[in-house]
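Notes to accompany the following structure.
No value in this document is a laboratory result; all are computed from the given coordinates. Just so it is clear, the model here is predicted, and its values are computed rather than measured. Reconstructed Cβ throughout: ideal geometry from the backbone, glycine too, with neighbour counts over all protein chains shown.
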Amino acid sequence: MEEQIWHKYKWPKTVKKTLEPYPNKPLQSILENTAAKSGDLPYLKFMGTTTTFAETDTMANKVANYLRKKGVKKGDRVAIFLPNTPHYPIVFNGILKAGATAVTCNPTYTADELNYQLKDSEVVMVFAFDHKRFAPSTYKAIKGTQVKHVVICQTKDFLPRLKAVIGGLLGKVPKSPFYEEDITSFFWSKTSKATKT
C-alpha cells in the first residue's frame with residue numbers, strides 16, 4: 001500500500017496497515033467463520049431492523065440451495081441487479097456458496113445496457129429489485145439472453161412488519177407495476193416464508 005501522509009499521523013496504532021498475507025480461502029468462508037464465532041453480532045442494519053451474521057449466513061445458504069434446486073451449476077453466472085439493499089451481500093454470498101459466479105450489474109443501467117451485459121456474460125438467472133424501474137428493465141433486458149429465471153427482492157423483506165404494511169398501503173414501499181409470473185419468484189427474508197417456485 002502506498003504510504004499517504006495521513007497514514008503517518010492519524011492511523012490507529014492498533015490497526016494493521018495491510019491485510020497481507022491474504023488468506024487462501026474462499027471469500028464466502030469469511031462470513032461463515034464470523035457467523036460461527038460471533039453469530040449474534042449485527043451484520044446489517046436497515047430501516048429499524050438488524051440482521052445478525054448468523055441470520056445472514058443462513059439466508060445466504062438458502063440462496064445457494066435455491067440456486068442449486070433451480071439447476072444453477074458450478075461456474076454458471078448469476079446476475080445481481082440491485083441497488084445497495086440488504087439483499088445484496090446475502091445474494092452475493094449465496095451465489096458464491098453455490099459455486100456460481102456473481103455478475104454485478106450497475107444499478108443505473110438501462111434495459112439495453114443490462115441486456116448487453118447479460119448476453120456478454122452468459123447469465124442464467126438474475127436477482128432484481130422490486131421497483132417501478134428495476135423489475136420492468138430486467139424483464140425487458142432478459143429478452144434474447146440465456147436467463148430463464150428472475151428473483152425479485154422486495155424492500156419489505158427487511159422492514160419491521162408494521163412499517164412494511166403501512167408503507168405498502170401508502171405506496172411508500174417500492175414495487176414493480178407487473179411481474180412475469182412464469183419466470184419469477186420472490187426473495188425470502190428471515191421473517192418471510194420461502195420463495196414461490
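Farthest toward the positive end of the dipole of region 1-107, out of GLN28, LEU67, PRO86, is the Cα of LEU67, where the dipole comes from beta carbon charges about the Cα centre. Near TRP188, the amide H atoms lying under 5 Å from its own belong to THR195; only residues 5 or more places off or on other chains count, and H is placed 1.01 Å from N.
For region 1-91, GluC sites (Glu not before Pro) are listed when DSSP marks them as loop and at most 12 other Cβ atoms sit within 10 Å of their Cβ; the list is GLU2, GLU3.
In sequence order, region 127-136 has phi-based couplings of 9, 10, 7, 6, 7, 4, 9, 5, 5, x Hz under the Karplus curve 6.51 cos²θ - 1.76 cosθ + 1.60, θ = phi - 60°, and Gly or Pro positions carry x.
Rounded to the nearest 20, the size of the Cβ-charge dipole of region 26-186 about its Cα centre is 200 debye, with Lys and Arg at +1 and Asp and Glu at -1. As a ratio to 2.2 N^0.38 Å, the alpha-carbon radius of gyration computed for region 1-148 takes the value 1.24. Mind checking which of VAL147, ASN115, PHE158 is farthest towards the positive end of region 54-197's charge dipole, using Cβ charges of +1 (Lys, Arg) and -1 (Asp, Glu) about the Cα centre? Towards the positive end, the residue furthest out is PHE158. Rounded to the nearest 0.05, the FRET efficiency derived from the C-beta distance between PHE46 and THR101 at R0 = 22 Å is 0.25. Here's how it looks for VAL103: its modeled amide H is under 5 Å from those of VAL78, ALA79, ILE80, which are all 5 or more places away or on a different chain. Take every pair of alpha-carbon atoms less than 8 Å apart whose residues are at least six positions apart; their mean separation over the length of the chain yields a relative contact order of 16 percent. Computed from backbone phi with θ = phi - 60° and the Karplus coefficients 6.51, -1.76 and 1.60, the 3J(HN,Hα) list for region 142-157 is 7, 4, x, 10, 8, 5, 10, 8, 10, 10, 8, 9, 9, 4, 4, 4 Hz; x is used for glycine and proline. Applying the Karplus relation 6.51 cos²θ - 1.76 cosθ + 1.60 with θ = phi - 60° to region 43-58 yields 3J(HN,Hα) values of 9, 10, 10, 8, 6, x, 10, 10, 10, 7, 4, 5, 5, 5, 5, 4 Hz, where x marks Gly and Pro.
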